[in-house]
Each structure stands twice: as structure tokens, then as C-alpha cells.
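Data block below; observations after.
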Amino acid sequence: MLNMKVGEYVNEYFARTLTIANKMRVHDEKMEDVVVIEKILRSMTPKFDYFVCSIEEFNDLDTFSIDVLESSLLVHEQRMNGHFVEE
């Protein structure tokens with residue numbers, strides 16, 4: 001079962017998940033991005049629950065991209081950890 005581990009960073013989890021998804025695709029597994037996105041959202045740690053709910057509520061996951069999801073979760077993670085990028 002693929003789940004985000006407590007203390008694991010978003011970019012580490014995405015790397016692990018996308019590696020597995022790409023290996024499955026290489027072996028002729030037909031997997032659309034929406035399936036990967038749904039799996040990622042279901043398997044995030046509880047600290048992301050309210051953010052995951054808002055993504056599911058306000059976005060059409062059929063047109064949502066993995067890159068947009070990753071960047072949104074990275075920004076959220078940075079805000080939770082107090083790392084703000086100032087311009």
C-alpha cells in the first residue's frame with residue numbers, strides 16, 4: 001500500500017509515487033493522470049486533510065494536472081512549515 005509517511009516531504013512522496021506509476025505504464029498498465037492524482041490525494045498524511053478536501057471540492061480532477069497538484073501541495077507544505085519566500 002502506497003501512503004505518504006509521517007515526516008516525509010511532498011517532493012519525496014511525489015518522486016516515489018510517480019516512479020511507481022511510470023514503471024506501471026512501461027509495463028502497459030493503462031493509467032491516466034486522474035487515477036494517480038486521486039491516489040495521491042487519498043494517501044496524504046492527515047495534516048493535509050483540509051487542503052486535500054479543498055482541492056477536491058474546488059477543482060475538476062479530470063482536468064487537473066499532476067504538476068499543478070504537486071506545486072500546490074509544495075506551497076501548502078512550505079506555509080505549514082513556516083518557510084515563506086519573500087520577494
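Laid out as a table, the results:
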| read-out | value |
| --- | --- |
| Residues of type lysines that K30 reaches as a straight line, Cα spacing below 26 Å, ignoring anything fewer than 8 places off in the same chain | K39 |
| The range 26-85: trypsin sites (Lys or Arg not before Pro) in DSSP coil with no more than 16 other Cβ atoms inside 10 Å | K30 |
| Quarter of Cα convex hull surface for the chain, i.e. mean projection, nm² | 6.5 |
| For the range 62-69, Karplus couplings with θ = phi - 60° (6.51, -1.76, 1.60), whole Hz, Gly/Pro x | 5, 10, 6, 9, 4, 5, 5, 4 |
| Cleavage-rule hits (GluC sites (Glu not before Pro)) in the range 1-73: DSSP loop, at most 15 neighbouring Cβ within 10 angstrom | E8, E29, E32 |
| Filtered chymotrypsin sites (Phe, Trp or Tyr not before Pro), the range 9-84: DSSP coil and at most 12 other beta carbons within 10 Å | F84 |
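Rule-based calculations on the coordinates, nothing more; no lab input. The shown structure was predicted, so the numbers you read here are calculated from the model rather than taken from an experiment. All Cβ positions, glycine included, derive from the backbone under ideal geometry; neighbour counts span all protein chains shown.
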